[in-house]
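The values are calculated or read from the model by the stated rules, or taken from the named source; none is laboratory data. The structure presented is a predicted model; accordingly, all values stated were derived computationally and were not measured. Here the Cβ is made from the backbone with ideal geometry for all residues, glycine too, and neighbour counts use every protein chain on show. Heads up: the accessible areas ignore ligands, DNA and RNA and are worked out on the full protein's heavy atoms, side chains in. Shrake-Rupley method; radii C 1.70, N 1.55, O 1.52, S 1.80 Å.
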Amino acid sequence: FLPLSILYFEICLTGSGHQDGSSLDLVLGGDYVPFCSVRSRGGSEAVLWVGFGWVSVQVGEGEALWFRASLTGNGASNPVREEYRYNLELLRPGVFAVWDGVYYAMIVKGGGRIAFLDFPLNQFAKYDADGVLVGSRMVDAGLEVLGSEVPEYIDMVYSHDHYDHIGSSQVAYSTLKDMFPSAEIRIWSSFRVKNRLESRQSKNTPFRAPIPTDAIERNSSDWVFPDGLTISFSITSGHVGGDLLVNIPRTGSARGVVFVVDFIFPGYVPFRNFAFTNDFGAYIRTIRRVLKIDFDVVVSGHLHRVGARTDVELYLKLANDIVEIAKEAIMEAPPPDPSTISDPNDPRFANSFLLVNEYLDSIDEICFAKLLLSYGCRINAVDVFGVSLCSVATEYVRISPRKEDGFAPV
């Protein structure tokens, strides 16, 4: 698997009779991907934007052109170091992004203090031959950062309470406690995350994440490391509620860094249902809030590279546009037809949920078609998660738009 940019191609389509806006069928690995449309440049030339390698382009009646894309990265991290199974990326002095090929976390070190931000369970976890969790690569990364230094203070920070991001924290805690018995170890999260983790733990559930010892207040809290490095914490929402927003302000030539997890997926649309947001309005407000910060780099928990301010700006535009697209889709969708469930001899008879579901699906499909046309050639995976994003947006528009989000009901 190679992380790719949205690549630019100029292809020559002769005798196809294509017109500006005519559709292309893209065949990738045998699957039909409705991705882009022809953009005519006069004569037989066309411009195609696509983010993949081998692609079959079919135009008109069966005419096909095969070509090989040159594979270029989209600012991705270098391949994961085989001997370590993770990469360390220095974002600024004392601040590191840790990447395992799928997940991102962070380490911050200053003076005799080291802070670990998240403990992903996936590649970061280490298992023995029997599949038992025995270690966390976040600890390995921390040891690499520390060198021979013995920390006086160790902070473990949970961005939120999803175990894919903090599921190796228990074994990490035990390891750090054994390795540095004289260090003071504190575990941090928001109050809401702490309460949810407490309510989840019982003798019948695996103990994957130790309960936080400290809660970060709703108002911003600042940590100042011995060498002057400052981290600002605040609480936001839009993913699970009680999500952490971490800001390391720009100082001098050192870049400003933001850590906010499961909101931004650099180079790609948000994961399914806007990363299973519990509040789409809050999700949009968090994106706006991030953009009020003076930063250069965002570490967001997933995929192949850290993000830039332009990634967050694109997300805000996408979120705003999809709300407007959802409004259009609601207005254009044909109303439910009660006659489809009025025949007593039809298995669908009187199935009101079926009628409503077909109506909602039609709204989502109209929204998806419009979204694909607007963003299919600008950001990856619209074709994968576009329908689910539309489902969230259309529900928001129909049921719970808020004036403070800048939107009004249809």
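Computed quantities for the displayed model
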read-out	value
Spatial separation of Cα centroids for segment 178-196 and segment 265-300, in angstrom	26 Å
Alpha-carbon centroid distance for the pair segment 364-378 / segment 316-338, whole angstrom	11 Å
Value in Å of the Kirkwood radius, where segment 317-409 supplies the Cα pairs that are averaged	14.3 Å
Expected-Rg normalisation [2.2 N^0.38 Å, Cα atoms] applied to segment 81-130	1.25
Ranked order, Met138, Met179 - accessible area, probe 1.4 Å, largest first	Met179, Met138
Selection from Leu371, Pro336, Ala282, by position along the positive dipole direction of segment 252-393 (Cβ)	Ala282
Antiparallel content of DSSP bridges confined to segment 107-241, in %, to 5	45 percent
Coarse-grained scattering of segment 296-356 at q = 0.26 Å⁻¹, given as base-10 log I(q)/I(0) from a Debye sum over alpha-carbon atoms	-1.01
D (Stokes-Einstein, µm²/s), Kirkwood Cα radius, segment 130-192, 0.890 mPa s at 25 °C	194 µm²/s
